[in-house]
Structure formats: structure tokens, C-alpha cells
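What follows is a single structure, written as C-alpha cells, with notes after it.
The values are calculated or read from the model by the stated rules, or taken from the named source; none is laboratory data. Just so it is clear, the structure is predicted and the values come from calculations on it, not from any experiment. Heads up, the Cβs are rebuilt from the backbone with ideal geometry, glycines too, and the neighbour counts pull from every protein chain shown.
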């Protein structure tokens, strides 16, 4: 059972942003420290990747563990109320990103997906990015 009223829940959900999130800022800082130039949210590419590194023909998606249902993550919960809305919504998010990744790979782009929970440990994330780039 939801402990918030519909109005309170609506206000909370309206505060969730899709650009310039904390995990995204963490990744951008690491890329800057690695002297890697990038562009943000290139609308011409499928899925509008969070970060585009044109020189390396690489795109980076920074996924929220809840919104993209990260396997094995504690943030992967499904809300217990309004399942008729949340079930299909979260499934569509996953399916849409799979299509976008396939389209990008088909166009010759390397796709890196970073999960929100991975941004909590900056040292591990930095090593992962160095390795992948």
C-alpha cells in the first residue's frame, strides 16, 4: 500500500529528472579526469545516449536501476500499487533500450551501459571506464 496520497506521489514523481542526474554527473567527472572529450544527449542517435564519445565511436547509457530493472540489484523493485501501469511501463523501457542498442551497434557504435549502483564506487567505475575505453 502506498503511504502517500496521489497528489504527494505525483509531486515526488515530477521531481525525477532524466538529464544531469547524479550518476550521470559522476560518470562525466570521471571522463573529464581521463581527458576524454564527449557530447551530451545527441538527439540524432537512437535512444538519445547520455554521453557520446565521437572520437571513439562510443556511446554511454547511464541507467537507473529501477527504471531499467537492473538484474540482481536491490533497487530493482516493482511498485506494489498500480501494477497495471508499472508492469508494462518498465517492460517497455527495457525493450526500447534493447532496440536502441541494436540500432547503434548496427550503425557501428560501441555501447557501454553503466548502472546507477555502479556509480557509488568511483574507483571501480573509473577502472571499468579505462578498461572499456
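Only a single item in (1) crowded, with 18+ Cβ neighbours inside 10 Å; (2) touching a residue at least 60 places away in the same chain (Cβ under 8 Å); (3) under 26 Å from residue 3 (Cα atoms) is not met by residue 80, and it is number (1). In segment 68-88, which residues are assigned to a loop (DSSP other than H, G, I, E, B) and modelled with pLDDT under 90? 74, 75, 76, 77, 78, 79, 80, 81, 82, listed by residue number.
Listed conditions (1) touching a helix residue (DSSP H, G or I) at 6+ places or on another chain (Cβ under 8 Å); (2) surrounded by 12 or more Cβ atoms within 10 Å (Cβ to Cβ); (3) in contact (Cβ under 8 Å) with a residue 40 or more places away in the chain; (4) not in a strand (DSSP E or B) are all met by residue 62, apart from (4).
For the residues 99, 91, 105, the requirement of being exposed (fewer than 14 other Cβ atoms within 10 Å of the Cβ), assigned to a helix (DSSP H, G or I), out of contact with any helix residue (DSSP H, G or I) (no Cβ under 9 Å at 6 or more places or on another chain) and touching a residue at least 40 places away in the same chain (Cβ under 8 Å) singles out 99.
Taken over segment 15-45, the criterion of being farther than 17 Å from residue 114 by Cα and in contact with a helix residue (DSSP H, G or I) (Cβ under 9 Å, 6 or more places away or on another chain) is satisfied by 33, 37, 42, 45.
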